[in-house]
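Have a look at the structure below, then the notes.
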Amino acid sequence: MKSALRPYLEKRNFDVTSEPTGGKATHGALSFVVQKHAATRLHYDFRLELDGTLKRWAVPKGPSFEGTIPKGQYGAGEVIVWDNGTWEPVGDPRAGYRAGKLKFRLHGKKLHGGWTLVRMHGREGERQEPWLLIKERDDEARPASE
Ligand code: MN
């Protein structure tokens, strides 16, 4: 586990950090982590480091990571690190995040290859906008397994 991730794993408010921001990478690569979270409903929290924070999505459907996912709220329950590694944006990640279409490559222990997060239009009054996490059809795509 990279030391840069440790503060995030030790406190519940993963979206606030006292670490310096400004996009100056201290060790070059951006981190990602996938946590398996045994809350009332088992889900996976998918986190991408960007500008010193870990952006977070809750993924209810497991390692295939297909389907509609809400931006998650932290809940009670055991959390284990299911995968971690580095990620590589394809294009400008800030513009992509704002525009609701973030393309990237993962270099994890389990997850690899090209992925896209796409923000969907939520229902009127919906507090959390759902996103889709889509695996590119590349050589790294394989059936879900645990
Ligand atoms: Mn969670």
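The values are calculated or read from the model by the stated rules, or taken from the named source; none is laboratory data. Just so we're clear, the structure is a prediction, and the values are computed from it rather than from any experiment. For accessibility, only protein heavy atoms count, side chains too; no ligands or nucleic acids. Shrake-Rupley method; radii C 1.70, N 1.55, O 1.52, S 1.80 Å.
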To the nearest 10 square angstrom, how much accessible area does Thr86 have with a 1.4 angstrom probe?
40 Å²
Rank these by accessible area, largest first, 1.4 Å probe: Val79, Val59.
Val79, Val59
